[in-house]
Structures are given as C-alpha cells and as structure tokens.
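K.L.:
Structure in structure tokens, see below.
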Amino acid sequence: MAAKAVRRPSPSSPELAIIVPCRLESTRFPRKLLHPIKGKPLLLWVAERISAQVPALPLWFAVDDERLRDCVEAAGFRAVMTAVTHASGTDRLAEANARIGAARVINVQADEPLVSAGQIQALVGLLERGAQMTTLATPFRRVSDFHDPNQVKVVLRRDGRALYFSRAPIPFTRDAPPQEDEAATPPRQIKGAATPYRHLGLYGYTADLLAKLGSLPRGCYEDLEKLEQLRVLEAGYDIHCALTEEPSIGIDTPEDAAAFEALSAERR
C-alpha cells in the first residue's frame, strides 16, 4: 500500500484542479493511452476534450512513464511524474496532488474521451456543497449492459449517497419475469423507483480525504469485486453521486477504440 500522501499547499496552489491519472501498461489493452485514433494518441483526445470543455480549470496529468509525459507535454499540457508501483489511480492521484496542492481534485479517467463540462461541474457542485468524495451515475439503457460485469452498477440512498457498487446486476427484482429482449429500454427487471444505475468512473475529492485514501487498508468487498471505491465505503466514508444523462464511453479494448473512431468520424 502506498504511503499516505501529505498535501503541501503553497500560495500558488489552486483551489480546484483536474488531475488525470495515467498508467502506461494495461492488461486488456496494452499501452492503450498511446494507441493512435485517427493519427492521434487516445490520451491527447482526452486532454483536448477536457481543455475544450472546461478551459478555466487547471489541468495536470499524473503519469508513470516518460512516454506519457512526453506525449502530453509536447502538446502543451502539464504532467507530473509518479511512481510505477501504485496499485490504483487514486494512489497516483494522491501522490500528484501532494505536489500540486489543490484543495479539491477532480479525477477524470485517461480513457474517457467524451467527458463533458456538465459532468465535471456536477462533481464540483457536490464538493462545493460539502461532500468529501463525489462520483457520477447514469441510468442503464439496455438489459445486456445491466448484466455486463464490466459495467459497474451503483445503488443509491434517497439522498444520493452510494449504498454499494457491484459488478453484479443490482438491485435484483426477485419476482420479475426474465426479459428476452436484451436491447429493451429500460430494463424491465427493475420496478418502481429502484432505477438501475451505471457507475461512471469520474470522481471528485477534497484534498484531505484524497490524502487519507492511500493509507486505508484494502477491503473485503474491494478484493471480491475488484472495485477500489468499495474501500471508501467499507471505511465509513460517504460517496455522493450526481446523475447525468450525457453519453460516456470508456476505451478498454481495441474494439472500443475502433467504435470511438467510428463515432468521431460520424460527428465531423
């Protein structure tokens, strides 16, 4: 487990910053952040998208390899070198912010090229209202996605705080008949107000909580589900969720990259 990162604020420390944790190696898609899409590395698609959507917010990339650093710096963006050994993006974020010194941090994933200003501002708004940690959720549209273990589900309290995150299709409606049409919208397995929500992996943190997270022990449910946000819930902290209807796409496989390339061609 990474050592606890200590924030060292300075007079020039930003009140709010976006930090994008970047790891070169990826199990399912090796070196995907440098994968060219229409001749441009995926990481630069994300960098340019963030810069265009929220140009007023300071932006850094927390990288673990000189090739990632060179990629973003050559395009005019700022990079912070971090350890290769971090077990999670949160640990990498904490190390970077120990040097940047932002009071609040927005974590945008390096493989999310459709992140929007509305999504980022929703996270900022929750932080400004006193939340220590925030994230996003969106309604599921297809039954096949609801049953896909790679699409994480979140169950919410009435006040918008997360009860639990899972790869399993939760909440489960025991008495609902099977649904044959996997493209049906929305999934009929869910009844009443218990909307099935997909978790989107964007986060907001206060600097104090971010600095603590690296020193928290791994949780039982985190180990079972392989979801690091469960460590936060197991330790007794709240995660406030904002809802969004805006589209999102994560690039986890070469097929995802091809789909995004086709989508970007349609939008031109």
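K.L.:
How long is region 26-100 along each principal axis, judged by its Cα atoms, biggest number first, in Å?
P.N.:
Between the extreme Cα coordinates on each principal axis of region 26-100 lie 33, 32, 18 Å.
K.L.:
Which residues make up the longest stretch of the chain that has no GluC sites (Glu not before Pro) in a DSSP loop with at most 14 other Cβ atoms within 10 Å?
P.N.:
Details: sites that count: GLU15, GLU25, GLU180, GLU182, GLU245.
The longest such stretch corresponds to 26-179.
K.L.:
Largest first, please: the extent of the C-alpha atoms of region 71-134 along each principal axis, to the nearest Å.
P.N.:
Projected onto the principal axes, the Cα atoms of region 71-134 cover 33, 24, 20 Å.
K.L.:
Using 0.36 nm times the number of residues separating ARG161 and LEU243, minus their current alpha carbon distance, what extension gain do you get?
P.N.:
Working: separation 82, 0.36 × 82 = 29.52 nm, distance 1.11 nm.
Between ARG161 and LEU243, full extension yields an extra 28.4 nm.
K.L.:
Continuing with the same structure: Using 20 Å as the cut-off for backbone N distance, which residues of region 58-86 belong to the label zone defined by a point 7 Å from the Cα of ALA117 along Cα→Cβ?
P.N.:
Answer for region 58-86: 58-60.
K.L.:
Using DSSP to call loops (not H, G, I, E or B), can you name the trypsin sites (Lys or Arg not before Pro) in region 146-178 whose Cβ has at most 11 other Cβ atoms within 10 angstrom? All intermediate terms of the calculation are to be shown ahead of the outcome.
P.N.:
Working: sites: LYS153, ARG157, ARG158, ARG161, ARG167, ARG174; in loops: ARG157, ARG158, ARG167, ARG174.
Loop-located and lightly packed - ARG157, ARG158, ARG174.
K.L.:
A further question on this structure: Could you check which residue among VAL63, VAL20, VAL232 shows the biggest mean-square fluctuation in a GNM of the chain with a 10 Å Cα cutoff?
P.N.:
VAL232
K.L.:
Return the FRET efficiency for the residue pair THR195, ARG218: r is the Cβ-Cβ distance, R0 is 22 Å, and the value is rounded to the nearest 0.05. Display every interim value, and only then the final one.
P.N.:
On the way: r = 30 Å, r/R0 = 1.38.
Rounded to the nearest 0.05, the efficiency is 0.15.
K.L.:
Springs between alpha-carbon pairs under 10 angstrom, Gaussian network model over the chain: which of ALA17, ALA168, ALA56 fluctuates most?
P.N.:
ALA56
K.L.:
Per DSSP H run of n ≥ 4, the term is -39500 (n - 2.57); total these for the chain, divide by its residue number, and report the mean residue ellipticity at 222 nm rounded to 500 deg cm²/dmol.
P.N.:
That comes out to -8500 deg cm²/dmol.
K.L.:
Taking a quarter of the surface of the Cα convex hull of region 224-268, what do you get in nm²? Can you show the working numbers first?
P.N.:
Numbers: hull surface 20.3 nm².
Dividing the Cα hull surface by four gives the mean projection, 5.1 nm².
K.L.:
Using the basic label-point model (7 angstrom from Cα toward the beta carbon), what is the ALA83 to GLU25 distance in nanometres?
P.N.:
1.6 nm
K.L.:
If you don't mind, there's one more thing I want to ask. Please report Rg (one decimal) and Dmax (integer) in Å for the Cα set of region 1-155.
P.N.:
According to the Cα coordinates of region 1-155, Rg and Dmax are 16.0, 51 Å.
K.L.:
Related question: Give me the distance between the Cα centres of region 206-227 and region 89-153, rounded to whole Å.
P.N.:
Rounded to whole Å, the Cα centres lie 15 Å apart.
K.L.:
Running Debye on region 81-183 with equal point scatterers at the Cα sites and no solvent, what base-10 log of I(q)/I(0) appears at q = 0.15, 0.18, 0.24 Å⁻¹?
P.N.:
Evaluating at q = 0.15, 0.18, 0.24 Å⁻¹ gives log10 I(q)/I(0) of -0.85, -1.11, -1.44.
K.L.:
How much length, in nm to one decimal, is gained on full extension between LEU263 and PHE172, taken as 0.36 nm per residue of separation minus their Cα-Cα distance? Intermediate values should be presented prior to the final figure.
P.N.:
On the way: separation 91, 0.36 × 91 = 32.76 nm, distance 3.28 nm.
Result for the pair: 29.5 nm of gain on full extension.
K.L.:
Under 10 Å from the Cβ of PRO41, count the other residues' Cβ atoms, weight Lys and Arg +1, Asp and Glu -1, and hand me the total.
P.N.:
Net charge around PRO41: +4.
K.L.:
With 29 Å as the cut-off, how large is the P(r) tail for the chain, expressed as percent of Cα-Cα pairs? All intermediate terms of the calculation are to be shown ahead of the outcome.
P.N.:
Values: 11027 of 35778 pairs.
Everything past 29 Å amounts to 31 percent.
K.L.:
Using the Cα centre of the chain as the reference point, and only Cβ charges (+1 on K/R, -1 on D/E), how large is the resulting charge dipole? Debye, rounded to the nearest 20.
P.N.:
Working: 34 positive and 34 negative charges, 98 e Å.
That gives the chain a dipole magnitude of about 480 debye.
K.L.:
Using 0.36 nm per residue, how much length does the chain from ALA56 to LEU34 gain when fully extended, once their Cα-Cα distance is taken away? Please report the intermediate quantities before stating the final value.
P.N.:
Numbers: separation 22, 0.36 × 22 = 7.92 nm, distance 2.59 nm.
Extending this stretch completely gives an extra 5.3 nm.
FYI, it's all coordinate maths here, none of it is from the lab. Computed from a prediction, not measured in an experiment: that's the story for all the values here. Here Cβ is always computed from backbone atoms with ideal geometry, including for glycine, and neighbour counts include all displayed protein chains.
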